[in-house]
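Everything on this sheet refers to the single structure shown next.
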Ligand SMILES: Nc1ncnc2c1ncn2[C@@H]1O[C@H](COP(=O)(O)OP(=O)(O)OP(=O)(O)O)[C@@H](O)[C@H]1O
Ligand SMILES: [Mg+2]
């Protein structure tokens, strides 16, 4: 069956869930979300604070049918292909989980990676406790005010459940690869629970077949329990026809650590919300981002860190390069709640404008209800520095090669710090390819610095 | 005709005339010292030779082995064997020292050296100049101390094997030991194939690297020329006397 997004059909959703063997608590949640959906409007850039920079109605087409799962399309490459020994790979194609490639290390550690609908039955305790909790928490940290999230709560398909048990140390990456091969709306949903004192690496990969026009409304909920360590990456490698709404929300408990990288290079429009609720004292997050926007692309990146518990720390750093008529928005939100004494937070954004016509906006946004904290933020938009270019050229390196070195070098600190096997190499390749495809002769250089030289 | 022939060179920066007719000859195998008070135009001359975009040649010529340099980009000049050790080397974030040096060596050498061959050469030169291996992991000049930057310039000179080396105050900011290591490094590179133009305020470096000639700039012109003894005279009496006689 298909459903038109702009007119979500509650009865149809429930019938589909029943047919899929979903338990009644899950059907109830879908029903409740469908009702919320009906009561909500799509985001409106004139009204909604968080949508001020991106015109929803222009950049997202919601008049689409939910894509039906087709015969599994050919497997696109995964970043895990670059990891020696591989990892656990869960492939979701057109709203259906098509296969799970296990890895002996992960299996031995008790890692679960499976279809979310099935997990709602087989791991009912965990799934019932956590699914939708981060999107509907109702204590001001929830995201259900947003219709795009209610849509996922109500109608998700092709869900994935990942569980890393308490104390498990899993060094091989676990990857959920969402691939879109059919036009229409896609509603991938991920729930990951990282147990107490566990250590894991989780990737969310996003690709589409060439030429496919699609809307992807994705929600990932990631629960990181006490003392756990998670390295997280989300890789946006969509083709030109994809519009991506992504809420990737982690709840970080006592003394847990998350280091994440949002790598965004593909897609017509990507609106990504890497969110972190620091609910346990001593939690620590390092949200990193890299974006490469080319002609026609629009990326709206909105990391959101909520300091709920005391003595937690967060340090956001997003860096991007833009060329052609592209547009990026960085809205970095930090909320520090009443009880979050001893919070340390910083957020920074840097954009490199390579060619004329690109535009990068940055708004670091802090809301602080607690005095005893340290907070910083900064943003900068600039061009390649003529002094850097001259120095390299004075050593015989031609202009194009020098520009490549400089642009690649611009991202080095973030990539090195993220240190994600497979993702780092992939990101470097994408950066190289982007620069190779760029019209280097059009690259603008900032020569202001030259004057201070002597 | 000398290998490097500078004739009546006038140069502007930001609309100000800085060089007002400089002429200078340098043959490979020889070493010239260029001295002169602050602001006299020494760095401007050095940068102009190396094609820095801030400096506009408004008159005169710079010819290197028969080629008019003014038409060439900085990288083309470097590939013709021109090297400038800068007074203030630039930090280039994120570009690793190793990658930078390898790209530069391949560009100037005109062939892809096998990585192993390159690394062996690099390590050997680093050992000579007592540059620590840990620098290989760092970004070009980033966070280097003043002295480390100068030493890194000479490491590049050693690797790129130029035929014309302009050393702009390479000795400033070096401690006594570093000065000796760097000066001996430069001295070792001297050969019949290499012409050296040393810009300095001090005679100390000239004790290690004996110049064949000393020239003095003031107000954008060469105002005095002589043998090595001129440097000693200047150290003793300063530039005042020259300025009045010029
Ligand atoms: N890019 C520039 N724009 C404007 N003025 C400049 C520029 N570069 C140099 N100048 C000016 O030209 C003059 C000569 O500068 P230059 O750096 O060549 O002097 P110098 O002889 O190397 O001095 P020092 O001994 O202090 O290094 C100075 O007055 C300087 O301010
Ligand atoms: Mg100078």
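The values are calculated or read from the model by the stated rules, or taken from the named source; none is laboratory data. These numbers come from a predicted model, not from an experiment. Every residue, glycine among them, receives a Cβ derived from its backbone with ideal geometry; neighbour counts consider all protein chains shown.
Just a few scattered comments:
- Top-ranked residue of region B:1-58 - restricted to ones that are more than 9 Å from ligand 1 (Cβ to nearest atom) and within 11 Å of another protein chain (Cβ to nearest Cβ), ranked as farthest from residue B:171 (Cα to Cα): B:53
- Restricting region B:161-173 to residues that are surrounded by fewer than 22 Cβ atoms within 10 Å (Cβ to Cβ) and more than 14 Å from ligand 1 (Cβ to nearest atom), the residue that is nearest to residue B:198 (Cα to Cα): B:163
- Within region B:96-110, the set of residues being more than 8 Å from chain A (Cβ to nearest Cβ) and either touching a strand residue (DSSP E or B) at 6+ places or on another chain (Cβ under 8 Å) or assigned to a helix (DSSP H, G or I) (or both) comprises B:97, B:98, B:101, B:102, B:105, B:106, B:109.
- Here A:233, A:214 are screened, and the one residue that is over 16 Å from the mean Cα position of the chain (by Cα), buried (at least 24 other Cβ atoms within 10 Å of the Cβ) and modelled with pLDDT of 95 or more is A:214.
- Which numbered condition residue B:170 misses (of (1) touching a strand residue (DSSP E or B) at 6+ places or on another chain (Cβ under 8 Å); (2) in a helix (DSSP H, G or I)): (2)
- Some residue of region B:71-84 being surrounded by 20 or more Cβ atoms within 10 Å (Cβ to Cβ), more than 11 Å from every other protein chain (Cβ to nearest Cβ) and within 30 Å of residue B:201 (Cβ to Cβ): no
- Answer residue from region B:139-160, given it is part of a loop (DSSP other than H, G, I, E, B) and within 11 Å of chain A (Cβ to nearest Cβ) and is surrounded by the fewest Cβ atoms within 10 Å (Cβ to Cβ) among those: B:142
- Restricting attention to region A:41-86, the residues that are within 23 Å of the chain's Cα centre (by Cα) and outside any loop (DSSP other than H, G, I, E, B) total 12.
- Residue match in region A:326-349 (condition: outside the structural domain of residue A:241 (by TED's automatic domain parsing), in contact with a helix residue (DSSP H, G or I) (Cβ under 7 Å, 6 or more places away or on another chain) and surrounded by 24 or more Cβ atoms within 10 Å (Cβ to Cβ)): no
- Residue check, residue A:350 within 14 Å of chain B (Cβ to nearest Cβ), at pLDDT 95 or above and in a loop (DSSP other than H, G, I, E, B): no
- From the list B:93, B:37, B:89, the one residue that fits, being over 17 Å from the mean Cα position of the chain (by Cα), within 16 Å of ligand 2 (Cβ to nearest atom) and not in a helix (DSSP H, G or I), is B:37.
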